[in-house]
Amino acid sequence: MITATLNEIADMFGVSIQAIGKLHKADVVVKIARGQYDVAESCKRYIALLRRRSDAPSLTEARASLAREKAALAKLQRQEAEGRVAPVEQFSMIAEQMIVAARTKFLALPAKLASKFGMVSNAVELQAMAKTEVHEILHELAQLPVVVDQRMGLGGRGRVSTNAKGLMERGSGE
């Protein structure tokens with residue numbers, strides 16, 4: 001076992017004698033006798049301490065990260081106030097209501113077509129009739145109004161009704 005004095009350990013680590021005292025209290029520097037320190041074990045522990053410290057973000061980095069997060073939140077709140085973004089809950093409620101309305105209308109389609117089936121003489125007419133009914137459903141869905149409760153902000157809860165405006169253009173395949 002190689003030993004060193006307090007001054008020698010301080011020189012090796014490039015720190016003051018007071019810092020070695022603090023490192024000893026933190027169980028980093030290993031004292032084996034009065035004025036004698038275990039060089040190998042102290043070096044191992046000091047290197048481990050330096051590695052842990054280098055992995056942790058510095059105070060400056062933490063402050064910069066906090067400032068970036070605050071700026072991102074402010075930007076998101078501004079975009080929400082401008083109506084450019086909406087909370088996920090709001091979007092989910094609108095999408096769910098649109099899907100329910102579309103599902104209801106399309107599930108009623110076979111019965112509606114069956115009542116008109118006797119008037120059709122060939123497959124081309126049936127296809128044209130089905131296409132017309134689908135377009136009519138899409139047009140009805142596009143006319144659904146949107147009502148968004150303005151109290152629904154980030155993390156808030158509000159009431160939303162659907163507006164499928166543009167669904168006919170996006171969903172008709174034409």
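The table that follows gives values for the structure above.
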| item | result |
| --- | --- |
| Residue order, fewest to most beta carbons within 10 Å, for T3, T104, T60 | T60, T104, T3 |
| Taking F117, F13, F106 and counting other C-beta atoms within 10 Å, the order from fewest to most | F117, F106, F13 |
| Taking all pairs of distinct alpha-carbon atoms in the range 28-91, Kirkwood radius in angstrom | 16.2 Å |
| q = 0.09, 0.14, 0.21 Å⁻¹, the range 1-146: log10 I(q)/I(0) [Debye, one scatterer per Cα] | -0.61, -0.85, -1.18 |
| Whole-number D in µm²/s for the range 3-55 (Stokes-Einstein; Kirkwood sum over Cα pairs; 20 °C, 1.002 mPa s) | 198 µm²/s |
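Read the figures in this text as sums done on the coordinates, not as results from a lab. Everything numeric here is computed off the predicted structure, so don't read it as measured data. Don't worry about glycine lacking a Cβ; one is built from the backbone with ideal geometry, like all the others, and counts go over all protein chains shown.
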